[in-house]
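The values are calculated or read from the model by the stated rules, or taken from the named source; none is laboratory data. These numbers come from a predicted model, not from an experiment. Cβ atoms come from the backbone with ideal geometry, glycine included; neighbour counts cover every protein chain shown. Heavy atoms of the whole protein, side chains included, go into the accessibility calculation; ligands, DNA and RNA do not. Shrake-Rupley method; radii C 1.70, N 1.55, O 1.52, S 1.80 Å.
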Amino acid sequence: MGLMSGKRGIVFGVANEMSIAWGIAQQLKEHGAEMAFTYLNGSLEKRVRPLAEQLGSSIILPCDVSKDEDIEAVFEELRKEWGSIDFVVHAVAFADREDLKRPFSQTSRDGFKLAMDISAYSLVAVTRCAIPLMNEGGSVLTLTYLGAQRAVPNYNVMGVAKAALEASVRYLASELGEQQIRVNAISAGPIRTLAASGIANFRTKIKLMDDFAPLRRTVTQEEVGKSATYLLSDLASGVTGEVHYVDAGFSTVVSA
Ligand code: NAD
């Protein structure tokens, strides 16, 4: 029996085989989970569908998380197919590249709203639709970064959005605990992905990990996937509202 045997859930945020969501999905599958997947648009569908099918998934749906009707349609489909779910993985974020390149004080109003909408509010919208399907409790997991807690160079508006995301985790956990729905975040160390390519000087972040993180390296998608499996499984049945660091210990040290 795997840790996730008999559990069904949905994964938002696979774009390609480098995605953290893909690292999570592979681990969940190894531990026996059954999963549905979403993709943002037609061009990503071509990448996501074969990956999802590789893990035996037959529920592969379009979803732009900035659209309530897309999110509602996804959960309606899950209701029809499965009736209930046990977990949600939210590994979605977006900010305009132009806003990420500018000094933080130059962030545009529209860019601020966009980053907040897709990277923070979407967790609230997705969780709201998941609640009626989690009638026997459940677990929701999102992905954050140290830039929510500290001013990390070049992370800018995304750091502010991640701070809102982490606060949303706490408020959702507080509200949904009575229903035995747990809500947690993993704060991952820097990993080369499509989303990371939008952050200027990303290479410097990896170098800092090699020099100063206690483990003297950054982490892998697989390592994030292993902690995600713990948080989504019954092993973490007493854990909610937490930001769990999977960053080779970087957040615990001061680099001088
Ligand atoms: P990624 O590019 O593989 O994944 C980001 C996903 O967000 C993509 O699948 C993309 O399609 C999706 N997305 C963007 N806008 C969307 C929208 N409107 N609707 C639906 N989906 C949308 O990159 P990743 O690094 O795997 O990112 C996954 C999560 O991990 C993000 O929340 C990111 O901030 C977080 N994270 C990444 C790192 C890192 O260093 N890569 C570190 C910590 C946290």
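General observations
- Summed over the stretch 214-234, residues that are open to solvent by less than 70 Å² (accessible area, probe 1.4 Å) and either within 13 Å of the ligand (Cβ to nearest atom) or within 22 Å of the chain's Cα centre (by Cα) (or both) total 13.
- Residue ID - least open to solvent (accessible area, probe 1.4 Å), chosen from residues in the stretch 69-94 that are of a type in the set (A, V, I, L, M), within 12 Å of the ligand (Cβ to nearest atom) and not in a helix (DSSP H, G or I): Val89
- For Thr240, the conditions (1) more than 22 Å from Ala95 (Cβ to Cβ); (2) touching a residue at least 60 places away in the same chain (Cβ under 8 Å); (3) in a helix (DSSP H, G or I) are fulfilled apart from (3).
- Where helices (runs of 4 or more DSSP H) sit wholly within the stretch 95-191, those with at least 3 residues that are modelled with pLDDT of 95 or more occupy 109-116, 122-130, 156-176.
- From the list Ser66, Ser58, Ser43, the lone residue that is outside any helix (DSSP H, G or I) and within 16 Å of the ligand (Cβ to nearest atom) is Ser66.
- Index of the failed condition, Gly138 passing every other in (1) more than 10 Å from the ligand (Cβ to nearest atom); (2) small (Gly, Ala, Ser); (3) within 20 Å of Thr204 (Cβ to Cβ): (3)
- Scanning the stretch 84-121 for residues that are among the small types (Gly, Ala, Ser), out of contact with any Phe, Trp or Tyr (no Cβ under 8 Å at 6 or more places or on another chain) and touching a residue at least 12 places away in the same chain (Cβ under 8 Å) turns up Ser84, Ala93, Ala95, Ser108, Gly111, Ala120.
- Qualifying residue in the stretch 123-132 (condition: open to solvent by 10 Å² or more (accessible area, probe 1.4 Å), closer than 24 Å to Arg182 by Cα and over 18 Å from the mean Cα position of the chain (by Cα)): yes
- Applying the condition of being assigned to a loop (DSSP other than H, G, I, E, B) and under 11 Å from Gln221 (Cβ atoms) to the stretch 17-40 and asking which residue is farthest from the ligand (Cβ to nearest atom) yields Glu17.
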